[in-house]
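All of the numbers you see were taken from the coordinates with simple rules; none came from a lab. Given the structure is predicted, the values throughout are model-derived calculations rather than measurements. For neighbour counting, all protein chains shown are included, and Cβ atoms are generated from backbone atoms with ideal geometry for every residue, glycine included.
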Amino acid sequence: MAEDRTQIEDLATRLRLARGRYGLSQRKLAKQSGVSNATISLIEKGRYNPTVGTLFKLVSALPMSITEFWGFELGEPEQVFFSFEELTRIKHNKVTYWIVGDSAPGGTMAFQYERYEPGMDGREVQTEEEAEVAGIVIEGALEVTVGEQSRILRAGDAYRFSTRIPHRFRLVGKQPATSVSCTIPPVF
């Protein structure tokens, strides 16, 4: 029994790392393989031991052979702690994002610290892939528009919405604003 448990955990880790190596979300792998997102989630949590057929479908949807899947080194444990210098910094349209654990294999969320500079007025965006975003303003003021709703958020105010709904962020005033947000799954 202990040997079976170890094999299931090994499979869970391999699938999670292989999927992360190629930047695939569980949903995207599900779509490409024909295996449900729920089944992939259970496999990656070590709660389900898939049939050979299911495993073959999953690996076939990855750009690797079954030999490569079982042969790659599992490597070091995932990074848990990050100094500010280790965060991935992205600057776009007068906004700087510091992303936590951006390259974590199999990542299922994007967690970031954001700084909005004076004059920032983002364009309206939406995604085709289903994702949920939530955030809280730490300082300054941001106008957040989601669909037909719009509100000016100040320190302590928060938001949460589906990224399929058209949305827009705009800095209010001449002082920078900062916020912290999380998107599940990552669509950044």
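Exposed loop sites here are trypsin sites (Lys or Arg not before Pro) in DSSP loop states with at most 16 other C-beta atoms within 10 Å. What is the longest stretch of the chain lacking them? Please list the in-between numbers first.
On the way: sites that count: K45, R47, K94, R123, R164, K174.
The longest uninterrupted stretch comes out as 48-93.
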For K45, go through the lysines and keep the ones whose alpha-carbon is under 30 Å away, minus same-chain ones fewer than eight residues off. K28, K31, K57
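Restricting attention to the range 80-143, which chymotrypsin sites (Phe, Trp or Tyr not before Pro) occupy a DSSP loop and are surrounded by at most 16 other Cβ atoms within 10 Å?
Numbers: sites: F81, F82, F84, Y97, W98, F111, Y113, Y116; in loops: F81, F82.
Of the chymotrypsin sites (Phe, Trp or Tyr not before Pro), the ones in loops of the range 80-143 whose Cβ has at most 16 other Cβ atoms within 10 Å are F81, F82.
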Sequence-distant or interchain residues sharing an amide H contact under 5 Å with A155, placed H: which? G140
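Could you pull out the GluC sites (Glu not before Pro) across the range 116-173 that fall in loop regions by DSSP (anything but H, G, I, E, B) with no more than 16 other Cβ atoms inside 10 Å? Could you put the intermediate results ahead of the total?
Working: sites: E124, E128, E129, E130, E132, E139, E143, E148; in loops: E124, E128, E129, E130, E148.
Those that pass, being in a loop and sparsely packed, are E124, E128, E129, E130, E148.
Classify the range 84-184 from the C-alpha gyration tensor, please: rounded if a/c falls under 1.5, else prolate or oblate depending on whether a/b exceeds b/c.
Cα axes put the range 84-184 in the oblate bin.
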